[in-house]
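Taking it in order: structure first as structure tokens, then the write-up.
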Amino acid sequence: MLTLRIIAVIAALNCTAVANASDRQSCSAPAYQKYIDAQYARIEARSRRALVTSRRDYERSVENGANVYRVIADLSRHLIYSAQFEPAQTVNKKIALIFELGNTLSRAQQIAGEVFDSFSRESHSVSIAQAWLAYRQGKHAMAFEKLLSSIDITDSAVLSSFGPDFNLVRQMYLDGHVAPVVAYIRKTQTFWKGQRADEQRNVWLNMIKAGCPLQFDSVDVIKAAELGISVTTSHIKH
């Protein structure tokens, strides 16, 4: 009798496991694909709004006579979105303007700027913008090179805490360019530290290994759990 009870318990557990497995969403399931499509549309809409608001912030800084640091910071933030949507000529003019503004700083101001974050966020924005332009023009090798050089970070309080930009990475992955995306994610380990950063990197690499669409956002950690994808270190190859 006891043996029969044990067999019944094991059978029940197996049924539960099968039910849980069937309930678990697959990243190739129509429901997940529909979710991802909606998220991509939302992200693009958000970026287009940011294009407008960041331009307004930059223009307001100029109109209000803000210090050069503030103008450069606002323009570099706007540049991230400008490079995605605006004509190349317009973007190149904005890149040139950032360098012109930098040259107007006195030597003392430049030294102060180098001490404070080494202008790394602004340099990152310029390189990302250049990578976007190359990518949009079909110069993929140049885009990949600029993308990786954008995170040649030595000491950045901002990027070390919040991580680099992933908008172009998202587009490249969507277009099937996996190798440069993996290389970029791995390279962020040199400056983007902490449990949160490690968790997101691991999730992204494991989702890529599983062939899953992803958003390159913190919400991917939640979706990975729903998909049954590990958040531990991935051994995906370059």
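Taken together, the values in this text are just the output of simple stated rules run on the coordinates, not laboratory data. Computed from a prediction, not measured in an experiment: that's the story for all the values here. Here Cβ is always computed from backbone atoms with ideal geometry, including for glycine, and neighbour counts include all displayed protein chains.
Quick notes
- Each peptide in 183-192, 83-92 was scored by the mean count of other Cβ atoms within 10 Å over its residues; highest first, the order is 183-192, 83-92.
- Total formal charge among the other residues, if their Cβ is under 15 angstrom from that of Arg49, Lys/Arg +1 and Asp/Glu -1: +3
- Here the Karplus curve 6.51 cos²θ - 1.76 cosθ + 1.60, taken at θ = phi - 60°, turns the phi angles of segment 158-163 into couplings of 5, 5, 5, 8, 10, x Hz, with x standing for Gly and Pro.
- Order of Val221, Val126, Val182 under a 10 Å beta carbon neighbour criterion, fewest first: Val221, Val182, Val126
- You can think of it this way: the chain between Lys209 and Leu101 has 34.6 nm of extra reach, that is 0.36 nm per residue less the Cα-Cα gap.
- Each of Ser54, Ser161 was scored by other Cβ atoms within 10 Å of its Cβ. Listed from fewest to most, they are Ser161, Ser54.
- Pairs of Cα atoms nearer than 8 Å and 6+ residues apart set the relative contact order; for segment 28-227 it is 17 percent.
- Radius 10 Å from Cβ of Phe216, net charge of other residues (Lys, Arg +1; Asp, Glu -1): -2
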